[in-house]
Amino acid sequence: MEYAKAEKLLKACGQEHLLSGWSELSKKAKDALLAQIATIDPEEIERCRAALCASAPAAAAVKSSGAAPKVATLKGVALAKAVAAGERELKAGRVAALLVAGGQGSRLGYDGPKGCYPIGPISDAPLFHFHARKILARSRRYGATIPWYVMTSEANNAETVACFERHGYFGLDPKSVFFFTQGMWPGMTKDGKIILDAPGHVFMSPDGHGGLLAALKRSGALDDMKRRGVRSVFFFQVDNPLVEVADPAFIGYHVMQKSEYSLKLCAKRDPYEKVGMPMRFGKSFRMVEYTEMTDEQCNRRTSDGELYFKYGSPAIHVFDRAFLAREASKAMPLHLAFKKIPVFDGKKVVKPAEPNGYKFEKFIFDILPNAKRAAFLAFDQKDEFSPVKNAEGGDSPATCKADMQAKWSRWFAASGINVPQGFPLEIDPVYALDAAELAKRGIRLGAE
Ligand code: UTP
């Protein structure tokens with residue numbers, strides 16, 4: 001982009017202050033600034049400013065009016081039917097895996113993409129290893145490729161790809177792994193001015209996991225899915241190595257329900273657990289964030305003493321590909337996060353002690369109300385959800401490793417082997433994808 005074009009674009013959206021220190025910048029810095037400005041979409045900037053001006057949060061209006069959704073628990077014949085339907089889908093090559101790994105992982109404080117974090121209790125294998133090896137094992141089991149779409153951000157894409165290369169794509173065929181980057185959005189002050197965080201440098205942050213839809217379209221990933229004949233898209237987050245990627249029961253249930261957007265839900269550990277909760281509003285559903293729930297809603301009980309809003313969403317979904325394609329062209333709602341953002345004041349960079357600016361994000365679950373049909377499936381948290389969010393305490397590497405080992409211990413117990421407490425344990429998903437496969441291996445504990 002040329003200077004004159006950049007100036008015109010910025011004037012049109014009231015952001016010409018971004019060029020105020022132009023004459024003092026080096027040639028390289030000028031080019032970098034023009035490249036950043038070229039990514040600014042005046043319409044999006046206007047939406048961000050409008051979101052800042054919106055007075056009362058929309059959330060307040062919907063409080064208390066939702067109902068709990070009907071959540072299926074599959075057992076016996078119903079489970080077998082769902083598994084068979086999912087297996088048919090997998091064998092026909094109609095299933096893709098979709099990972100969001102563009103986040104900043106600020107709570108974990110790890111220097112690198114979160115997916116490269118060493119989580120293997122013995123091997124120190126990265127989070128990506130467990131996802132990749134499950135996809136590989138599942139593809140082999142059903143004799144059909146599960147293409148894997150991995151969303152990164154501009155900030156972590158190169159390091160993510162390097163991690164896959166270093167590990168030989170964890171055994172996967174690189175042709176079946178599709179990296180694509182999400183968008184970045186500029187941060188703004190309260191009065192809607194884009195923030196420079198260094199001379200000639202616009203502060204930008206990833207546009208949230210909802211940025212997925214625009215990025216899938218822009219990158220050609222949606223077309224690639226269509227070309228490969230994908231129908232069901234298994235969505236998951238990078239920080240949960242317990243997730244059963246492309247789980248046949250879930251995929252089968254989704255297909256049998258003719259659902260466009262299916263969610264796995266788990267019983268909340270306590271009434272105030274910080275997880276989103278899908279609720280029914282008339283004929284459609286909407287994800288209600290824990291911050292939007294009233295005390296009464298959190299504690300409401302059914303006549304048999306169970307929590308009425310019993311389930312939360314750990315962000316494990318199956319989407320119909322055509323639904324994603326339909327939604328990808330629509331504008332999504334914006335969510336604001338008030339953060340401490342360094343500011344270049346024309347002379348020096350000031351690091352604020354208090355939040356001073358806004359980041360904007362889109363959330364994938366905001367498309368839930370647009371699904372013509374949605375389905376909800378319960379699962380046991382201890383088997384499938386233990387995210388690495390924080391450096392210490394709850395939802396940390398320590399709790400996650402303990403949960404992985406406890407799950408593998410239960411697999412051994414199912415084969416009649418009791419693993420002593422504290423025994424070092426790690427199972428490569430390609431060796432055994434589940435307890436039944438482990439049993440077939442006829443494994444014994446210890447080095448023999
Ligand atoms: P989180 O909300 O936990 O955010 O993301 P995070 O960035 O990983 O961690 P914090 O909040 O900074 O500590 C949940 C999932 O969504 C992805 C993350 O990579 C993770 O898999 N995500 C989040 C994106 O892909 N892009 C984003 O812009 C935000």
task = Would you mind stating whether Leu222 is open to solvent by less than 20 Å² (accessible area, probe 1.4 Å), touching a residue at least 60 places away in the same chain (Cβ under 8 Å) and more than 15 Å from the ligand (Cβ to nearest atom)?
result = yes
key: Scope region 109-134; condition within 16 Å of the ligand (Cβ to nearest atom) and among the β-branched types (Val, Ile, Thr); matching residues   = Ile119
request  = Find the residue count for region 338-362, including only residues that are touching a residue at least 24 places away in the same chain (Cβ under 8 Å), open to solvent by 30 Å² or more (accessible area, probe 1.4 Å) and either hydrophobic (A, V, I, L, M, F, W, C) or under 30 Å from Met404 (Cα atoms) (or both).
outcome  = 3
inquiry  = Of all residues being part of a helix (DSSP H, G or I) and touching an Asp or Glu at 6+ places or on another chain (Cβ under 8 Å) in region 8-27, which is farthest from Ile45 (Cα to Cα)? Just the residue, please.
reply    = Leu19
query = (1) in contact (Cβ under 8 Å) with a residue 60 or more places away in the chain; (2) more than 16 Å from the ligand (Cβ to nearest atom); (3) of a type in the set (Phe, Trp, Tyr): which one isn't true of Tyr272, the others all being true?
reply = (1)
Meets criteria (over 21 Å from Asp247 (Cα atoms), under 27 Å from the mean Cα position of the chain (by Cα) and among the charged types (D, E, K, R)) for Lys382 = no
task = Any residue in region 292-303 that's closer than 16 Å to Met279 by Cβ and free of Cβ contacts under 8 Å to residues at least 60 places away in the same chain: show its pairings with residues that are aliphatic (A, V, I, L, M) and loosely packed, with under 10 Cβ neighbours inside 10 Å at Cβ separation under 8 Å, as long as the two are six or more apart or on different chains.
result = none
Yes/no for Phe170 being closer than 28 Å to Pro429 by Cα, touching a His at 6+ places or on another chain (Cβ under 7 Å) and among the aromatic types (Phe, Trp, Tyr) = yes
key: Search result, residues across region 95-107 that are crowded, with 19+ Cβ neighbours inside 10 Å and either in a loop (DSSP other than H, G, I, E, B) or at positive phi (or both)   = Ala101, Gly102, Gly103, Gly105
ask   = Within region 225-243, how many residues turn out to be more than 17 Å from the chain's Cα centre (by Cα) and either open to solvent by 20 Å² or more (accessible area, probe 1.4 Å) or closer than 30 Å to Ala29 by Cα (or both)?
value = 5
query = Could we say that Trp185 is under 27 Å from Ala82 (Cα atoms) and either free of Cβ contacts under 8 Å to residues at least 24 places away in the same chain or within 16 Å of the ligand (Cβ to nearest atom) (or both) here?
reply = no
request  = From (1) within 28 Å of Ser262 (Cα to Cα); (2) open to solvent by less than 40 Å² (accessible area, probe 1.4 Å); (3) modelled with pLDDT under 95; (4) within 16 Å of the ligand (Cβ to nearest atom), pick out the condition that doesn't hold for Gly66.
outcome  = (4)
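To keep it simple, each residue is scored yes or no on (1) modelled with pLDDT of 95 or more; (2) open to solvent by 50 Å² or more (accessible area, probe 1.4 Å).
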| position | (1), (2) |
| --- | --- |
| Ile364 | yes, no |
| Phe376 | yes, no |
| Asp380 | no, yes |
| Ala391 | yes, yes |
| Trp411 | yes, no |
| Glu448 | no, yes |
query = Would region 183-202 turn up any residue that is part of a strand (DSSP E or B), aromatic (Phe, Trp, Tyr) and modelled with pLDDT of 95 or more?
reply = no
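The values are calculated or read from the model by the stated rules, or taken from the named source; none is laboratory data. Since this is a predicted model, take the numbers as computed values, not measurements. We place every Cβ from the backbone using ideal geometry, glycine too, and count neighbours over all the protein chains shown. Protein only, heavy atoms only, side chains kept; ligands, DNA and RNA dropped before computing areas. Shrake-Rupley method; radii C 1.70, N 1.55, O 1.52, S 1.80 Å.
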